[in-house]
1. Report whether or not residue B:26 is under 28 Å from residue B:124 (Cβ atoms) and within 16 Å of ligand 2 (Cβ to nearest atom).
2. When residue B:275 is evaluated against the numbered criteria (1) in contact (Cβ under 8 Å) with a residue 40 or more places away in the chain; (2) farther than 14 Å from residue B:208 by Cα, which criterion, by number, is the only one it fails?
3. Kindly evaluate residue B:46 against the criterion of being over 26 Å from residue A:24 (Cα atoms) and out of contact with any Phe, Trp or Tyr (no Cβ under 7 Å at 6 or more places or on another chain).
4. Hand me the list of helices (runs of 4 or more DSSP H) wholly inside region B:112-190 holding 1 or more residues that are among the β-branched types (Val, Ile, Thr) and out of contact with any Asp or Glu (no Cβ under 6 Å at 6 or more places or on another chain).
5. Within region B:289-301, is there a residue that is assigned to a helix (DSSP H, G or I) and within 14 Å of chain A (Cβ to nearest Cβ)?
6. Are any residues in region B:189-221 within 10 Å of chain A (Cβ to nearest Cβ) and without any contact (Cβ under 8 Å) to a residue 12 or more places away in the chain, and if so, which ones?
7. Can you confirm whether region A:97-107 contains a residue that is farther than 23 Å from residue B:108 by Cβ, crowded, with 16+ Cβ neighbours inside 10 Å and either more than 16 Å from ligand 2 (Cβ to nearest atom) or modelled with pLDDT under 60 (or both)?
8. Any residue in region B:70-81 that's of a type in the set (Ser, Thr, Tyr): show its pairings with residues that are crowded, with 24+ Cβ neighbours inside 10 Å at Cβ separation under 8 Å, as long as the two are six or more apart or on different chains.
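The values are calculated or read from the model by the stated rules, or taken from the named source; none is laboratory data. Everything quoted here is computed from the prediction, not taken from an experiment. Cβ placement follows ideal geometry from the backbone for every residue including glycine, while neighbour counts extend to all protein chains displayed.
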Amino acid sequence: MLCQNCGSAEATTHIKRIVNGEATEIHLCYNCAEHLGYANMFSGFGFNISNMLQNFFPEFSRALPTVDRSERCPTCGTSFEEVVRTGMMGCADCYGVFYDKLKPSLSRIHGRATHVGKSGVAQITAAESPKLEDTLTKLKDELKEAVDTQNFELAAKLRDEINAIEGGTK
Amino acid sequence: MSKWYLLSGAENDVAISTKVAIARNVKGYNFTVKLTPDEKYEIADKIDDVLDEKLPGKFVSTPMNEVGRDLQISLAERGIVSPEFISFAEGRTLIMTEDESLSIMVCEEDHLKIQALLPGLELEKAYELSNTLDSVLDEELEFAFDKKLGYLTQCPTNIGTAMRASVTLQLPALAMRGQIGRLSATVAKLGLVLTGAYGEADNPVGSLFQLSNQVTLGISEQAAIENLKSISLSVIEQERALRKELMENLKFQDILWRSYGTLKNARVISFGEFMEAMAVVKIGVAEGEIKVKNENLNELIFTMQPATLNVENGRSLDRQIRDAKRAEAVREAFGE
Ligand SMILES: [Zn+2]
Ligand SMILES: [Zn+2]
């Protein structure tokens with residue numbers, strides 16, 4: 001199918017739109033899609049990153065012949081070949097497995113940036129909970145004070161707590 | 001309760017609406033592409049449970065296969081769901097507030113697309129709305145996140161904040177003066193993208209454009225919102241300056257009053273013809289020549305769409321009947 005915009009290149013991007021009360025699809029080549037601003041949007045908008053990955057990968061694989069396209073994500077079973085073909089990751093763990101390989105083509109979008117901005121709730125909780133070392137130091141100080149003041153009941157309790165933490169971290 | 005687009009927003013002579021969308025995925029589930037319909041509904045149930053507990057009575061959850069085709073398309077016409085979301089219904093659920101300003105598309109591309117829609121230029125408010133809902137859900141569901149890559153999404157182009165903010169701008173004067181190409185090249189250098197909202201991408205119906213942020217990794221939500229806001233304001237100023245200039249032009253004045261005549265008198269009008277005339281009349285309204293409220297005109301962009309008119313009338317209307325109903329509603333808006 002030819003691109004509906006330039007009429008010369010093969011259409012690889014298929015954009016769903018609503019026109020006159022009906023759902024339709026327009027078909028564009030990669031260049032026209034990018035030129036018209038459809039590249040790099042949520043693909044709900046119609047853009048498919050796989051075009052871009054495929055445009056980049058032949059070159060990339062020649063440069064790095066060791067890339068194993070059949071490698072699979074252990075969590076969801078998605079293969080690297082599938083990621084390149086569809087432009088989609090299969091699960092969150094795919095990022096750990098494939099991201100470095102995709103980096104050369106993705107750097108076109110993201111550069112060398114790392115995330116700044118909002119953090120997931122699990123991250124905030126981890127950062128806010130006091131570190132184990134701090135807790136241990138505090139408990140040991142309390143233990144020393146308890147022994148010094150001959151409060152042996154409290155000292156025994158504190159020792160149990162310290163043992164539990166140290167046992168857990170070893 | 002009134003729909004969000006019936007209210008008036010800031011800078012509404014040029015800014016029609018503001019949308020902030022955030023993509024999220026629930027930890028412990030594969031991404032949407034690898035889920036069965038049952039797993040997709042399971043995720044929707046989990047979201048419903050959290051909302052019932054934390055924000056009871058605020059949201060209504062509807063599986064898309066229970067929504068009629070006209071309503072599906074109407075939801076897309078009004079920007080509440082994407083055309084992709086209604087391309088098939090199985091496994092997909094729409095959760096939204098009664099005024100439709102806050103919604104979640106479940107299992108569109110990512111597990112959740114949390115979306116806030118407001119009239120006019122209201123970026124901070126729209127971000128605040130979607131961000132609050134995101135935090136409430138994250139606390140219970142825990143979303144996939146990586147320290148270096150940020151929020152993880154099915155498509156690697158969206159990682160990081162996974163946030164797209166966009167402002168719909170009506171730019172008839174810039175379009176008439178052939179300035180859109182220059183403008184979209186300029187905003188591209190500033191990390192934004194300008195696309196047509198309806199119809200053809202570079203020559204959209206009614207000169208409606210969407211300006212949105214492109215970068216999601218390495219920029220905070222606040223910085224992206226701030227950037228989009230300041231560039232939107234600058235585009236709005238450019239449009240206003242050109243509108244003033246056009247009003248001095250006799251040829252334009254003629255087009256303006258003829259367009260006004262069309263809207264005030266037509267007995268049958270298509271959505272395209274309505275939008276073209278309305279975009280021109282917008283300039284006369286902004287310059288005080290024509291006395292109609294901007295919010296009343298902006299509202300028509302949503303209510304006059306074909307499938308939305310069908311839904312309003314409770315059935316799929318024959319095209320000519322629909323165009324007649326539209327003409328009637330437009331004449332009413334112009335105080336006939
Ligand atoms: Zn083309
Ligand atoms: Zn995976």
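1. Answer is yes for this residue.
2. (2)
3. The answer is yes for residue B:46.
4. B:123-141, B:180-189
5. Yes, region B:289-301 contains at least one residue that is assigned to a helix (DSSP H, G or I) and within 14 Å of chain A (Cβ to nearest Cβ).
6. B:200, B:201
7. The answer is yes, given that some residue of region A:97-107 is farther than 23 Å from residue B:108 by Cβ, crowded, with 16+ Cβ neighbours inside 10 Å and either more than 16 Å from ligand 2 (Cβ to nearest atom) or modelled with pLDDT under 60 (or both).
8. Here the result reads B:74/B:305; B:74/B:307, each pair linking region B:70-81 to a residue that is crowded, with 24+ Cβ neighbours inside 10 Å.
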